[in-house]
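Please read the structure below before turning to the comments.
The values are calculated or read from the model by the stated rules, or taken from the named source; none is laboratory data. Here the structure is a predicted model, which is why all the values come from computation and not from measurement. Virtual Cβ from ideal backbone geometry, glycine too; neighbours counted across all protein chains shown.
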Amino acid sequence: MAPPVSAARALHDLIAEVQGRFDTPNITTAYHAWGSVVGDSIETATFARFHAEVVTLLREVTEDLTMLSPSAQQRYSQYLPHWWTAVVLPRKDWATDGTLLIGATHLDLLGSLADVMESRALFVGPSNPQTVDILRQGVSFLLNATKGANDVPAHIQDQIVADLEHVLWLLDHVDTFGVDHTVAAMEKVTGKAVAEAAKAPTGGLKRVAIGLVATLALLAPATTDVTTIVGNVRSVFGVSAAPPEQEGEDVVRSTVVEIYTVCTTKKLTSGPADADGGEVVDAEVVDEDAGEGAQSGAG
């Protein structure tokens, strides 16, 4: 089964799974139902981390509602308290037998909201089916790069490392928390890295920030070539992105090519010189199994 796409879908499926555990022998309370889904007792750090992520899903659903029309916002917002109660049960005892999380109608309405959000996303454009693989490759690479960047201030380095490890954790649990939620975490750490690179533009930090932006750029389904990604990343950082100690090197191009190579399973073909006079990788890519007969884009 494919991972849930929207935060609403992930929350709906998760609540439905917890509620469904009441049909399992020996599970008669929300206390045990949650524990069986998480795979650990609710007194553990494992459960606390998992449940905190569920609360974040609820926050994202609340934020997503603001993108709907005023009438749709009004229609769905009245059910937010029911979804919130299902997650945190502030007025109910998790240890009481037969305490269900939510009524069937209110759960169905959360599923209806998920349908709406996913239809809106498809209207904007189809998602990239390789999102999870691209993120896993790119984040793993950038995590190691961040750990090895000796010129990054320690407190910034520790924060980026922690955030990237969190993205990897979400990728390990993407079938539960969904694709949108994982991408949102990636966007969060990217924003932090770009902001810190603007304040303290060391070589290592700038490369990490550029690498994060390039990884996100690869998620666009229409983005199939390095030249396009280089242009997109330059629009964020500017053409002159090299720190002083790397003057003369186009750090945007070199980092994008590196990320592209790490995140894709395709061979890069050489291409024409770009506007700055350096050789870049062309838009054309060939499959690894195409063999020696593949034609280059340069001709």
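Observations on the structure shown:
- Helices (runs of 4 or more DSSP H) fully within the range 153-232 that include at least 2 residues being buried (at least 24 other Cβ atoms within 10 Å of the Cβ) and either modelled with pLDDT of 90 or more or under 17 Å from the mean Cα position of the chain (by Cα) (or both): 154-172, 179-199, 203-218.
- Listed here are the helices (runs of 4 or more DSSP H) enclosed by the range 1-81 that have at least 2 residues being hydroxyl-bearing (S, T, Y) and over 18 Å from V174 (Cβ atoms): 30-38, 70-77.
- Among the residues of the range 83-93, not a single one is exposed (fewer than 11 other Cβ atoms within 10 Å of the Cβ) and modelled with pLDDT of 90 or more.
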